[in-house]
Amino acid sequence: MNDIQKYEFDRLGYLVIPGLLTPAETQGLAAAVDALEEHAAAHVKLPPRKTSVWGPEYHHSPDKGYFASGEREPGRTLIIEDFFNADPAFDLLVEHAPTMALIRAIVQERPTINNSEIRIRYRGNQTGAHMGGPIGSKYRYSFNRDGIDCMMVRMIYFLHDVGEDDGPFCVVPATHKSNYNTPYGTNDSDAEPGMIGLPVKAGDAILFTEHLRHGGKSIKSGRTRKTLHIGYGPFWMKSQNIGTMDEEQNITPATLARYTPQQRQLFKSWGE
Ligand SMILES: O=C(O)CCC(=O)C(=O)O
């Protein structure tokens, strides 16, 4: 992470990173997401099922190892967690060197992956605004004599262009440092004062601290928005996927067997 990125991440709570993925990587990932969307949309309402401690009900895929919730309908979101288990096409994102250079600059203890989700948002859908202000310690942003130290950050990879009307990821800049909760009494990402959409191109990525107030603006264009989200934090933090919240990571032996020792470390939640 260079000095400008450090300054801006600390000041704003997020960074837009143009071209973090190559065009070939973007194309390969987009094809894998399209295939997985078909599988998940067809199976999401079937058993076996699990109710998350946070509320939503999930399908746990016996053959592909993912947890899925939601549905492929206008206004809705289809979420596919633990997508690493479903297709080796996603392996390039595990220990992805340009990503890890940024993560290791803002998570001081050994970072691991604690969240993985494909988020597919259909026309009219919005992600409500959440976080920002005094949110407690779990997802906190902090700064000490060694620099930035985050408990939970996410990288969002964009597989196609997302314009202002395509339901862009949105943020209220600098609210990771706010001492007050939002006084506006709304979680409507379109209406909240200070909320800005972040339009991006295919292959771009957005890195943000989970402490920042964020969400997703409504999709007005009618186009479906597909993104890959990977969360990182210190090694001792367990899964932050909604389907397996605070459990060990749901990473199958078959997936681990494909990985290098360095990739496996990213799922090891004990020791240094
Ligand atoms: O991209 C979106 O619509 C919202 C994403 C989000 O809330 C997250 O990744 O934590």
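The values are calculated or read from the model by the stated rules, or taken from the named source; none is laboratory data. As the structure is a prediction and not an experimental result, all values here were calculated from the model. A quick note on method: Cβ atoms are made from the backbone with ideal geometry, for glycine too, and the neighbour counts reach across all protein chains shown. In case anyone asks, the SASA skips ligands and DNA or RNA and just uses the protein heavy atoms, side chains included. Shrake-Rupley method; radii C 1.70, N 1.55, O 1.52, S 1.80 Å.
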Worksheet entry | Any chance Val94 is open to solvent by less than 10 Å² (accessible area, probe 1.4 Å), in contact (Cβ under 8 Å) with a residue 60 or more places away in the chain and within 16 Å of the ligand (Cβ to nearest atom) | no
Worksheet item: Restricting attention to the stretch 97-109, which residues are without any contact (Cβ under 8 Å) to a residue 24 or more places away in the chain, farther than 17 Å from Ile156 by Cβ and hydrophobic (A, V, I, L, M, F, W, C)?
Response: Ala97
Worksheet entry | Whichever residue in the stretch 160-169 is free of Cβ contacts under 8 Å to residues at least 60 places away in the same chain and not in a loop (DSSP other than H, G, I, E, B) and, among such residues, is farthest from the ligand (Cβ to nearest atom) | Asp166
Practice prompt. Consider only pairs whose beta carbons are under 7 Å apart and that are at least six residues apart or on different chains; among these, list those whose first residue lies in the stretch 219-231 and is touching a residue at least 40 places away in the same chain (Cβ under 8 Å) and farther than 18 Å from Leu29 by Cα and whose second residue is within 14 Å of the ligand (Cβ to nearest atom) and outside any loop (DSSP other than H, G, I, E, B).
Written response: Ile219/Arg121; Ile219/Asp166; Ile219/Arg225; Ser221/Asp166; Arg223/Asp166
Worksheet item: Limited to the stretch 230-259, what total is found for residues that are within 11 Å of the ligand (Cβ to nearest atom) and open to solvent by 10 Å² or more (accessible area, probe 1.4 Å)?
Response: 1
Worksheet entry | Qualifying positions in the stretch 149-158 - more than 9 Å from the ligand (Cβ to nearest atom) and either open to solvent by less than 20 Å² (accessible area, probe 1.4 Å) or in contact with a Cys (Cβ under 6 Å, 6 or more places away or on another chain) (or both) | Cys150, Met151, Met152, Val153, Met155, Tyr157, Phe158
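Going residue by residue through the stretch 103-112, is there one that turns out to be among the β-branched types (Val, Ile, Thr), farther than 18 Å from Tyr259 by Cβ and open to solvent by 40 Å² or more (accessible area, probe 1.4 Å)?
No, the stretch 103-112 contains no residue that is among the β-branched types (Val, Ile, Thr), farther than 18 Å from Tyr259 by Cβ and open to solvent by 40 Å² or more (accessible area, probe 1.4 Å).
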